[in-house]
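**Q** My structure is below; once you've seen it, I'll send some questions.
The values are calculated or read from the model by the stated rules, or taken from the named source; none is laboratory data. The shown structure was predicted, so the numbers you read here are calculated from the model rather than taken from an experiment. Ligands, DNA and RNA are stripped out before the accessible areas are found, and what is left, the full protein with its side chains, is counted by its heavy atoms. Shrake-Rupley method; radii C 1.70, N 1.55, O 1.52, S 1.80 Å.
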Amino acid sequence: MSLNGSLSDFDISYIFQLIAQENKTGILTLASDNDEGYIVFNNGKIISAGTNKQNIQTMIYRYLLTIKQCPLNEINEFKSLVKNNINYLSHELTAKRYITQEELLILIENNIEDIACSIFHWKKGNYRFDPLKNVGNHQIGNFALTADAITMEAARRIDEMERMNKIIKPGTVFYRTCSKENHFNNCIDPLNNFSQYILNCIDGTSSTEYLIQESFFSEYRIYETL
């Protein structure tokens, strides 16, 4: 049985709660103005997410390109090989030692949380939930986030983004008031010290928008750091 309707009638937190309470497995697709997104659930828990502006695969490829210095032609080969199968992508990347399992899980967890929370900003549009028998292609290992945890985090972020948007704009350029912690970003662990990594990218010429486009994490994390 499918579930569909308007976000004007039911907000996203209610939809998440309904899916979680009934332990549904399937994909929730949403459309709001020019935005499109999806959340994949497995037994009521969130295992994947994406929008037309941000998805897990793109963030992994950015990480491989900027941090792992993976050649662009190899990344393009992965894109054509795995397409939308994130499970297969993760297996290939770890098996061929492009990335460790620990790195991959950090990227997956943070980006799914970021994407799912960003969708809570959508207040109008349509949603549709369709059951799926098998969501294995969308899941990395046993990773899953609860709908309650995402709902609470999203509420906090909405308040924070409203405050930060008054101070920071896409074209804002930041200048360094102290020396870099290290001259080379690759000497900093960007996954476990993301804030310092981003702060080291501040050069007095790069806009906030540029930092977001080059990052392997979300707009929210960039704004939060700045």
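**Q** If the cut-off is 17 Å between C-alpha atoms, which aspartates and glutamates fall inside it for residue 166, apart from same-chain ones fewer than 8 positions away?
**A** 209, 219, 224
**Q** Rg and Dmax in Å for region 39-140, alpha carbons only: what are they?
**A** Considering region 39-140 through its Cα atoms, Rg and Dmax are 14.3, 43 Å.
**Q** Determine how large the accessible area of residue 221 is when every protein chain is in place; take a 1.4 Å probe and give Å² rounded to the nearest 10.
**A** 40 Å²
**Q** Could you identify which residue out of 93, 211, 81 has the top mean-square fluctuation in a GNM of the chain using Cα springs shorter than 10 Å?
**A** Ranking 93, 211, 81 by mean-square fluctuation puts 81 first.
**Q** Apply the membrane-span-like helix rule to the chain: whole DSSP H runs, Cα extent along the own long axis of at least 24 Å, mean Kyte-Doolittle hydropathy at least 0.0. List the helices found. Spell out each step's value before the answer.
**A** Numbers: long enough: 101-119 (27 Å, 0.49); 147-165 (26 Å, -0.70).
Within the chain the helices that satisfy the rule are 101-119.
**Q** Just one of [x] 107; [y] 131; [z] 142 is volume of the Cα convex hull per residue in Å³ calculated from these coordinates, so which is it?
**A** [y]
**Q** Sticking with this structure for a sec: Roll a 1.4 angstrom probe over the protein heavy atoms and tell me the percent of accessible area of the chain that is carbon or sulfur.
**A** Heavy-atom surface of the chain belonging to carbon and sulfur, 1.4 Å probe: 47 percent.
**Q** Could you give the alpha-carbon Rg of region 95-226 over 2.2 N^0.38 Å, rounded to two decimals?
**A** That ratio works out to 1.23.
**Q** Continuing with the same structure: Using a cut-off of 22 Å between alpha-carbon atoms, which lysines can reach residue 83, once sequence neighbours fewer than 8 places away in the same chain are excluded?
**A** Straight-distance partners of residue 83: 53, 68, 96, 133.
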